[in-house]
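The structure appears below as structure tokens.
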Amino acid sequence: MQVRGITMTEKLITGKKDITRIKTYIDGYDENLEGGIPAGHVVLVSGTAGTMKSSMVFNIFFNEVLENSRHAVYVTLEQSSFSLLNHMVNMGYKLDKLPYFALDDISQLGKVLDKVKASKKGSLTLIDIGAVRKQLKAVTEAPSGDWVNVLKNILKKFKTQAQVDLFCLDSLSALYVLTDMKNPRTQLFHIFEYFRDTEITSFLISEMPLDKKKYSQYEIEDYLADGVILLELKPRQRKMTREISTVKMRSTDANIDVFTLEFDKGKFKALYGGQTPLV
Ligand SMILES: Nc1ncnc2c1ncn2[C@@H]1O[C@H](COP(=O)(O)OP(=O)(O)OP(=O)(O)O)[C@@H](O)[C@H]1O
Ligand SMILES: [Mg+2]
């Protein structure tokens, strides 16, 4: 495409209606995001430990597979896929409702891709990088450290062979531990550009330090991302309240107020007026 002589790889929309939005399936929150996250966005999901970062993204994937037969890939680096699935079952997600596959042995990648391709009802694939690393270590004492490239290659295969349109990296912080970040600004720029170029809606989970002074480790991830969603736990006297807010969402007239986040009877809800009145 040419715009005033500049060759652009990204498409220029003609109006708001051209934007496909991926719902977050949080009642009361999608309405404040013009219906959801623009498809193809790279979204940073930031929060301290236990703020339901993984659950929030899993909830989107679970519902998108069920409602829109999408194919989703969830890569877990720290938590094992069993631990993640057990948590989701405990939260009430009926996994038997959708085709899901777990990949913990890289030699099975082709087989999993075939199953994903064959699934007309969409699919959810969990890739357990921790298990893959253990398995590689058993084969060679020093597994190659280029996990960014491993991830890129896996994602490329899922995109080109199985039309995957949702991706989650849980977490970006864990990827840094496995990667030699000699020049984080340049490396991160290329990682984010890679995700954006795939046109897959990508969720990058970022573990926020407890002092909450930054959304992500290198403090540039939030500038590089198309959207930043912040999950927090706030003390109100002796009671802890979960909160959700949109720090930014490109191409969206987002309401950036803070909402109380609740999970009840298998559903996330965002309640307006997260701040309790002063007593
Ligand atoms: N119905 C529920 N069943 C199980 N856990 C629940 C439920 N409701 C809330 N939780 C809470 O969800 C939290 C864990 O959610 P999740 O793993 O998504 O958080 P996280 O931010 O990804 O955590 P981590 O920092 O460990 O990665 C737990 O602290 C748990 O108490
Ligand atoms: Mg998590």
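The values are calculated or read from the model by the stated rules, or taken from the named source; none is laboratory data. Since this is a predicted model, take the numbers as computed values, not measurements. Every residue, glycine as well, gets a Cβ built from its backbone with ideal geometry; the counts of neighbours run over all protein chains shown.
Observations
- Among residues that are more than 23 Å from residue 22 (Cα to Cα) and within 16 Å of ligand 2 (Cβ to nearest atom), residue 173 is included.
- The residue that is nearest to residue 46 (Cα to Cα), among those in the stretch 201-219 that are among the aliphatic types (A, V, I, L, M) and touching a helix residue (DSSP H, G or I) at 6+ places or on another chain (Cβ under 6 Å), is 205.
- Applying the condition of being of a type in the set (Lys, Arg) and farther than 30 Å from residue 11 by Cβ to the stretch 172-221 and asking which residue is modelled with the lowest pLDDT yields 212.
- Total residues in the stretch 51-87, condition hydrophobic (A, V, I, L, M, F, W, C) and within 11 Å of ligand 2 (Cβ to nearest atom): 6
- For the stretch 119-128, the count of residues that are in a helix (DSSP H, G or I) and more than 28 Å from residue 214 (Cα to Cα) is zero.
- Number of the exception - residue 240 against (1) among the hydrophobic types (A, V, I, L, M, F, W, C); (2) more than 15 Å from residue 169 (Cα to Cα); (3) within 15 Å of the chain's Cα centre (by Cα): (3)
- Filter pass, residue 65 being buried (at least 21 other Cβ atoms within 10 Å of the Cβ), at pLDDT 95 or above and more than 13 Å from ligand 1 (Cβ to nearest atom): yes
- Flag if residue 148 is β-branched (Val, Ile, Thr) and out of contact with any Phe, Trp or Tyr (no Cβ under 7 Å at 6 or more places or on another chain): yes
- Selection count where residues are farther than 20 Å from residue 202 by Cα and either surrounded by 13 or more Cβ atoms within 10 Å (Cβ to Cβ) or in contact with a Pro (Cβ under 6 Å, 6 or more places away or on another chain) (or both), scope the stretch 8-31: 3
- Residue 72 satisfies every condition listed in (1) of a type in the set (Gly, Ala, Ser); (2) closer than 17 Å to residue 161 by Cβ; (3) in contact (Cβ under 8 Å) with a residue 40 or more places away in the chain; (4) surrounded by fewer than 13 Cβ atoms within 10 Å (Cβ to Cβ) except (4).
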